[in-house]
Amino acid sequence: MSSQDVITVIEDVAEMKAYSNALRKEGKSIALVPTMGALHEGHLSLMREGRKRADILVVSIFVNPTQFGPSEDYNKYMRDREGDLEKMKNIGVDAVFMPGPDEIYPPGFQTYVQVEELEKPLCGALRPGHFRGVATVVLKLFNIVKADVALFGQKDYQQWKIIERMARDLNLDIEILGLPIVREETGLAMSSRNAYLSDQDTQRALSLSRALLEVKSQFANGTCKTESLVDSGKRVLERASVEDVDYLEIRDGETLQNKHEATGGDVAAVAARVGGARLIDNIIL
Ligand code: PAF
């Protein structure tokens, strides 16, 4: 058995801290890939990069209750411990931190982190409390795992920017890396929630990335008015009968502020419901 096949599974906070403290004492650096499990190629690409960035690679798997609204899919969210462990084989993951909800939120828990401005637009406007839950659990994971670097997917663009801001604002000694979206050959952004899609829904879901490509190509052809760019993207969604669109917007790539005129580096972001799934995607102009 190669050393890559042996993954230490840790379920409690004290044990995870002791594991990391011992390694840090030996002068080892630690990379963390935080996930909610239901792993796909997007997660694995973060792990492969994390493997290169530090001596030790830790993956966390925790379906975080505080980032789900009361009517969202917390209970339905896929949990596949054995399948996830199998997918991580041969990547070189050293340890998987898989705490239960009470380990992270013991009775009496009442402290939350809020990144005030960046969490207001886009998904934050439609999922109240979502980013507060994300920022809180990510800060807790950083403190427990004591990582030097943490890796996130750019598919959750707003989440990535919020975590970068939190790390800067709270003087955290951790490097935050955002890695490019991994897509199916069809262009569909990989997501654990794609599992909710029927074949027919999958076809409709392709229009999200196509709408973003249309926006980007109109921008490349000289259209700068964000209203016109957004309209061109929305027409692609309409043609695919994707009617339940939460937003398609162009925002400043760093501040996420609204723009009248788009410039390079802005982000075009979309969220829509297709079948039983709420999907998000984005592209940098
Ligand atoms: O992107 C995710 O999977 C989650 O939001 C994260 C960062 C693991 C926090 O629960």
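Quick one: compute the contact order of the chain, relative version, from alpha carbon pairs under 8 angstrom and 6+ residues apart, as a percent.
On the way: 510 pairs, mean separation 49.1, N = 285.
Worked out over the chain, it gives 17 percent.
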Of the residues N194, N90, N221, which exhibits the maximal mean-square fluctuation in a Gaussian network model of the chain defined by a 10 Å Cα contact cut-off? N221
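Ignoring ligands, DNA and RNA, what percent of the 1.4 Å accessible area of the chain is carbon and sulfur?
On the way: 6300 of 13520 Å².
That fraction is 47 percent.
Please calculate how many Å² of accessible area the chain carries per residue, with a 1.4 Å probe and no DNA, RNA or ligand atoms counted.
Values: 13520 Å² over 285 residues.
I get 47 Å² per residue for this part.
Of R168, R81, R239, which has the most accessible area with a 1.4 Å probe, and how do the rest follow in descending order? Walk me through the numbers before you get to the answer.
On the way: R168 125, R81 100, R239 180 Å².
Listed by decreasing accessible area, they come as R239, R168, R81.
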Any idea of H43's accessible area? Nearest 10 Å², probe 1.4 Å. 30
Just to compare against my own numbers: the Cα pair-distance distribution for segment 17-57, 5 Å bins, whole % per bin, please. 6, 23, 25, 20, 15, 9, 2
Straight-line reach from K259: which lysines fall under 24 Å, measuring Cα to Cα and dropping same-chain residues less than 8 apart? K120, K155, K161, K216, K225, K234
Helix 226-239 sits off the longest principal axis of the Cα atoms of the chain, rounded to the nearest 10 on a 0 to 90 degree scale, by 90
Top mean-square fluctuation among S71, S191, S45, Gaussian network model of the chain, C-alpha springs under 10 Å? S71
Determine how large the accessible area of R278 is when every protein chain is in place; take a 1.4 Å probe and give Å² rounded to the nearest 10. 40
Ratio to report: Rg/Rh of the chain, with Cα atoms as the point set and Rh obtained by the Kirkwood method; give two decimals. 0.97
Eligible lysines near K25 by straight Cα distance, threshold 26 Å, same-chain separation 8 or greater: K17, K52, K140, K146
What does the accessible area of L126 come to, in Å² to the nearest 10, when a probe of 1.4 Å is used? 80
Can you spot the aspartates and glutamates whose alpha carbon is less than 20 Å from K89's alpha carbon? Ignore those fewer than 8 places along the same chain. D5, E11, E41, E49, D55, D80
Cβ-defined net charge surrounding I144, 11 Å radius [Lys, Arg +1; Asp, Glu -1]: 0
Report, for the chain, the % of DSSP beta bridges that are antiparallel, rounded to 5. 45
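Do you know the relative contact order of segment 115-255, to the nearest whole percent, from alpha carbon pairs under 8 angstrom that are 6+ apart? Let's see the in-between values first.
Numbers: 123 pairs, mean separation 26.6, N = 141.
Result for segment 115-255 is 19 percent.
The values are calculated or read from the model by the stated rules, or taken from the named source; none is laboratory data. Bear in mind the structure is a predicted one, so any value in this text is a computation, not a measurement. Glycine gets a Cβ as well: all are built from the backbone with ideal geometry, and neighbour counts include every protein chain shown. Protein only, heavy atoms only, side chains kept; ligands, DNA and RNA dropped before computing areas. Shrake-Rupley method; radii C 1.70, N 1.55, O 1.52, S 1.80 Å.
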